[in-house]
Amino acid sequence: MGSRVKKIGIKLTATLFWLLIWEAAYRYVGREILVVSPVRAVSRLFELAATPEFWSAVLATNVRVLEGFGFAILVGSVLAVLTSRFALLRHLFQPFLGVIRATPLASIIILALVWLATARIPAFVVFLMVTPMIWTNLFAGLEVIDVQLLEMGQVFRFGWWKKIRYIYLPSLMPYIVSALTTGLGAAWKTAIGAEVLARPAGTMGRHVYDARIHLLTADLFAWTIAVIALSVMLEKLMVWLLAFLSRRLAGTKGRRLRDEV
């Protein structure tokens, strides 16, 4: 209990320190059009949160993030399995991974503006940027799975579901956690960047762009805080769900495996 309180105290102290730095920067600049105070930014955030447009924008951006992220998980997982089993496919798709990593995000968004309707661009760009992250992490995990566990599964005639449940999932969990948490953070940054450049109506990125164009600095800071807060909350939720799944697998794997065998 004492260590937990200490940890919370350290986090609060660090937060207060950076808020004071922010306030000092505001007072030093002395022009609200360039930097607003923390109090003004948070106050404006609460004002925005009281409007239906704010929550509509939050919902629209979340849908785009989760849509692109979900497809990235699906395609990245399939690619990881296929390229771990077939060397030809691995050599075929590796150049694609290198090209995506080397291409600037802005270039991908501009190309997407040529190819797609504005409303589809954020989800597409999220999918394109996150898929290699999922693929790389899961491929690395599949490469180091204990061969003896796989042989044991063959000896006891495990079906595909038992292999996934008792061998692959527990072994891959650290790589899954890394892939999903890293990918979700990247998905949010990518989606907001795509929305700022593509400007689909009714999204958080569009509001960020409009605030910049109209020099509404308080709105710009407020929307930025909202983006960061939602990103952190979703990432924490993801970590909690994965930790819960890991505990379930660790707690039941041995007993159920004995029962199945």
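Observations on the structure shown:
Residue by residue, here is whether (1) more than 17 Å from residue 225 (Cα to Cα); (2) part of a helix (DSSP H, G or I) holds:
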site	(1), (2)
3	yes, yes
7	yes, yes
11	yes, yes
15	no, yes
22	no, yes
28	yes, yes
34	no, no
40	no, yes
43	no, yes
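- Whichever residue in segment 240-249 is at pLDDT below 80 and open to solvent by 80 Å² or more (accessible area, probe 1.4 Å) and, among such residues, is nearest to the chain's Cα centre (by Cα): 244
- Checking each residue in segment 97-111 for being part of a helix (DSSP H, G or I) and either closer than 21 Å to residue 185 by Cα or free of Cβ contacts under 8 Å to residues at least 24 places away in the same chain (or both) picks out 97, 98, 99, 100, 101, 102, 105, 106, 107, 108, 109, 111.
- Residue within segment 63-85 that is among the small types (Gly, Ala, Ser), without any contact (Cβ under 8 Å) to a residue 40 or more places away in the chain and closer than 30 Å to residue 144 by Cβ present: yes
- When segment 173-208 is filtered for residues that are on the phi < 0 side of the Ramachandran plot and of a type in the set (D, E, K, R), the ones remaining, listed by number, are 189, 195, 206.
- Looking only at residues of segment 221-239 that are buried (at least 20 other Cβ atoms within 10 Å of the Cβ) and more than 16 Å from the chain's Cα centre (by Cα), we find that the one that is farthest from residue 57 (Cα to Cα) is 221.
- When residues of segment 30-50 are limited to those that are within 17 Å of residue 208 (Cα to Cα) and of a type in the set (Val, Ile, Thr), the one surrounded by the most Cβ atoms within 10 Å (Cβ to Cβ): 36
- Of the residues making up segment 51-61, those that are under 20 Å from the mean Cα position of the chain (by Cα) and surrounded by 16 or more Cβ atoms within 10 Å (Cβ to Cβ) number 4.
- Tabulated pairs, segment 114-132, first closer than 15 Å to residue 192 by Cβ, second charged (D, E, K, R) and crowded, with 24+ Cβ neighbours inside 10 Å, C-beta under 6 angstrom, 6+ apart or interchain: 122/64; 122/195; 123/64
The values are calculated or read from the model by the stated rules, or taken from the named source; none is laboratory data. In this text the structure is predicted, and so the values were computed from the model without any measurement. Neighbour counts are summed over all protein chains in view; Cβ atoms, including those assigned to glycine, are modelled from backbone coordinates with ideal geometry. Heads up: the accessible areas ignore ligands, DNA and RNA and are worked out on the full protein's heavy atoms, side chains in. Shrake-Rupley method; radii C 1.70, N 1.55, O 1.52, S 1.80 Å.
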